[in-house]
Structure formats: structure tokens, C-alpha cells
1. Could you list all residues from the range 59-81 that are at pLDDT 90 or above and open to solvent by less than 30 Å² (accessible area, probe 1.4 Å)?
2. Would you check if ARG118 is at pLDDT below 90, more than 17 Å from the chain's Cα centre (by Cα), in a loop (DSSP other than H, G, I, E, B) and not hydrophobic (A, V, I, L, M, F, W, C)?
3. Keeping to the range 66-93, report how many residues are out of contact with any strand residue (DSSP E or B) (no Cβ under 8 Å at 6 or more places or on another chain) and under 13 Å from VAL14 (Cα atoms).
4. Could you list all residues from the range 5-53 that are under 24 Å from VAL84 (Cα atoms) and out of contact with any strand residue (DSSP E or B) (no Cβ under 7 Å at 6 or more places or on another chain)?
5. Please enumerate the residues belonging to the range 90-105 that are open to solvent by 70 Å² or more (accessible area, probe 1.4 Å) and touching a residue at least 12 places away in the same chain (Cβ under 8 Å).
6. Within the range 1-27, can you find the residues that are of a type outside the set (D, E, K, R) and open to solvent by less than 50 Å² (accessible area, probe 1.4 Å)?
7. Can you pull out every residue in the range 13-39 that is of a type in the set (S, T, N, Q) and modelled with pLDDT of 95 or more?
8. If I go through the range 127-142 residue by residue, how many of them are at pLDDT 75 or above and either open to solvent by 40 Å² or more (accessible area, probe 1.4 Å) or over 18 Å from VAL47 (Cβ atoms) (or both)?
Amino acid sequence: MAPNIRVDHIGIAVESVESAEPVLTALGCEKIIDDTVEDRFRWVYYVLGDVSRIELIEPIAEDSFLTEYLERHGSGLHHVTLEVADIDEVIESLGSAGIETIDRRSYDEWTEAFVSPRNETGVLFQLMEYTDAFTDGRDFDEESFFMNEVRLSAEE
């Protein structure tokens, strides 16, 4: 049986959210979250249509993975995030297929791990399992954020 997974969002690396935002606004995107992670980078979620999301990520720290990425590649597609119901199950499934995950981290609001872009697709995949704390203190329409208004990890 395949793990319970769906595309959560695509992440686009940018030098400046303010400079890139007009493109998303012109496409009809609505900003729903603007936050930072450990003073390393800013992430801003936009909803498009029913539940499609795009994330802009902007470096805050002068020497981070994101500043290095932008220096090497410039602005553009950075990652595809897949929401998973059980991150351990997905990591095990990938391992069984000979695909290594890297940089597993747990935060109060989610647990994540990455599939290196050195895989045959050339894409950096972020695996993300949301926790109940993700919605705490955030003012957004869960219907626009979670498909069928439910986190995958809450469906179990």
C-alpha cells in the first residue's frame, strides 16, 4: 500500500518577497501566511484557487542554505513539498527503494525531511508532516489550506 501523500506547495527562492509578490498577485494568489524560521529565512504562503499553494522563501541570514542557493542558481523553483500522513512510513518506503532522505528535523509545528535533488528527477522534495500546533495562533482559512479541511496526519 502506498503512503498517504499529496503535493502541499511549491517553494520558490527569491531575493525579495516584496519584489516577487506582484507576479503572484497578478496570477490571483492571496497571501495567507508570512513567517520566519529561526531568523534564517522568511517564508510566505499564497493560496491559488481552491487549495493550490505557492511559497516564496527569502533569506534573512547572510550565510544560509538559501543565500548559497540564490548565488549559484538565482531565483526560481527551489523545492516541491509533499504533505505526508506518516513521515516515518514515507522515509522507510523511500529507503526500501534505495532513495536516501536527508536533513530530518522536527519543529513544534511540523516534522520534515528532504529527498536530495541528486535523485533521478533532479528535484528537491521536502516531506512534511504537520502537527496540531501548526494552526495554533495562525489566522487563515483552513479550508483554503488543507484539502478537505483536514491535515493528512489527522486522518489516521
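1. Result: PRO59, ALA61, LEU66, THR67, LEU70, GLY74, GLY76, HIS78, HIS79, VAL80, THR81.
2. The answer is yes for ARG118.
3. The initial filter retains those residues of the range 66-93 that are out of contact with any strand residue (DSSP E or B) (no Cβ under 8 Å at 6 or more places or on another chain), namely 68, 71-72, 74, 88-89, 92-93.
Imposing the further condition that a residue be under 13 Å from VAL14 (Cα atoms) reduces the set to 68, 71-72, 74.
Qualifying residue count, the range 66-93: 4.
4. Of everything in the range 5-53, those that are under 24 Å from VAL84 (Cα atoms) and out of contact with any strand residue (DSSP E or B) (no Cβ under 7 Å at 6 or more places or on another chain) turn out to be GLU38, GLY49, ASP50, VAL51, SER52.
5. Hits for the range 90-105 are GLU100, ARG104.
6. Once the filter is applied, which keeps residues that are of a type outside the set (D, E, K, R) and open to solvent by less than 50 Å² (accessible area, probe 1.4 Å), the range 1-27 yields PRO3, HIS9, GLY11, ILE12, ALA13, VAL14, SER16, VAL17, ALA20, LEU24.
7. SER16, SER19, THR25 - these are the residues of the range 13-39 that are of a type in the set (S, T, N, Q) and modelled with pLDDT of 95 or more.
8. Total meeting the criteria: 5.
The values are calculated or read from the model by the stated rules, or taken from the named source; none is laboratory data. Bear in mind that the values here come from a model prediction, so they are computed numbers and not experimental data. Glycine also receives a Cβ, built like all others from the backbone with ideal geometry; neighbour counts cover every protein chain displayed. Keep in mind that these areas ignore ligands, DNA and RNA; they rest on the heavy atoms of the full protein, side chains included. Shrake-Rupley method; radii C 1.70, N 1.55, O 1.52, S 1.80 Å.
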